[in-house]
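The values are calculated or read from the model by the stated rules, or taken from the named source; none is laboratory data. This is a predicted model, so every value here is computed, not measured. Ideal geometry is used to build each Cβ from the backbone, glycine not excepted, and the neighbour counts take in all protein chains shown. Calculation scope for accessible area: heavy atoms of the full protein, side chains included, ligands and nucleic acids excluded. Shrake-Rupley method; radii C 1.70, N 1.55, O 1.52, S 1.80 Å.
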Amino acid sequence: MNPGDLSLPKLDNKNISLELGVDLSWIKESPRASYFMYSLLKQGVIPKTVLSYDNMREYPTCPQNDDIRFNIVRDSISSMCINMPRIQLYNVVDEFRGQWANIFNYSPYFNWLVKSNHEQCRWVWLYLSARVEHAILFQPLDSEGQYHAALAILDSWGISPEAMTLFFMKMSKAWRQKEFRKENKKNGKVPINTYLKKDIKKMLDKISNENNETMVSTIERLIRKEYRTLFEK
């Protein structure tokens, strides 16, 4: 089942959970959806007057296992049966499922964050931990956990799409700058801070365009030429 499919099947006797009478397969089959629901529960999105955590004390504070995380979500939803009619429970779960489908379909950060890129997953996790309050809900032990935790933080943040797009643009720009500095260091390049007069900058641009090269290549070539003239006679 694709958790991002907005045409998810209606709740009926063929796809409901035998224990709760509601469809939780969309959570069970997707670690990302499981992280999303776990994050919402820990943030208290569901009113605390509805939930009873007495039967959850046996679970770890920050579960690392997908099955345990799903069980926490399932038991939390199960506790809702105590204080609300079954039809209301259907509606609440269906609302969460709809929220998840919308988030899954709008997540500009999902394809950008590469699960197999361990360095990137660790960097994104640290970046979010320093900027998003509910990142404290997760304590991932490895890069895969950092990947899922990072997505869960972004998925469950609750800010507007415009704010999310802006945040993601800043985060991805910071990552590109980090990679750019890393690549320059690898290639033996160092940054220099300088200013040029406008007319000199125009000259530099014209020389670069005439020789079909970058501004940096032009500067390096001219410096090498002048160096040879002065010191390699």
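Points 7 angstrom from Cα along the Cβ direction at Glu144 and Glu29: gap in nanometres? Distance between the two pseudo-spin positions: 2.1 nm. The distance between label points at Leu166 and Ala130 comes to 2.1 nm (points 7 Å beyond Cα on the Cα→Cβ vector). Note on Ile159/Lys186: beta-carbon distance plugged into 1/(1 + (r/R0)^6) with R0 of 35 Å gives a FRET efficiency of 0.45. Measuring with a 1.4 angstrom probe and ignoring ligands and nucleic acids, Lys28 comes out at about 110 Å² accessible. Derived scalar couplings between HN and Hα for the stretch 27-38 equal 7, 4, 8, 10, x, 5, 5, 5, 4, 4, 5, 4 Hz in order, rounded to whole Hz, by the Karplus curve 6.51 cos²θ - 1.76 cosθ + 1.60 (θ = phi - 60°), x for Gly and Pro. Here the label points at Trp175 and Thr229, each 7 Å from Cα along the C-beta direction, are separated by 4.6 nm in the simple model.
Each residue of the stretch 200-209 was assigned a 3J(HN,Hα) from its phi angle through the Karplus expression (A = 6.51, B = -1.76, C = 1.60, θ = phi - 60°), giving 5, 5, 5, 4, 4, 4, 5, 5, 4, 5 Hz with x at Gly and Pro.
Counting only protein heavy atoms and using a 1.4 Å probe, the accessible area of Ser129 comes to about 50 Å².
Note on Met203: accessible area is roughly 110 Å² with a 1.4 Å probe, heavy atoms of protein only.
Sorting Lys178, Lys170 on solvent-accessible area from highest to lowest, probe radius 1.4 Å, gives Lys170, Lys178.
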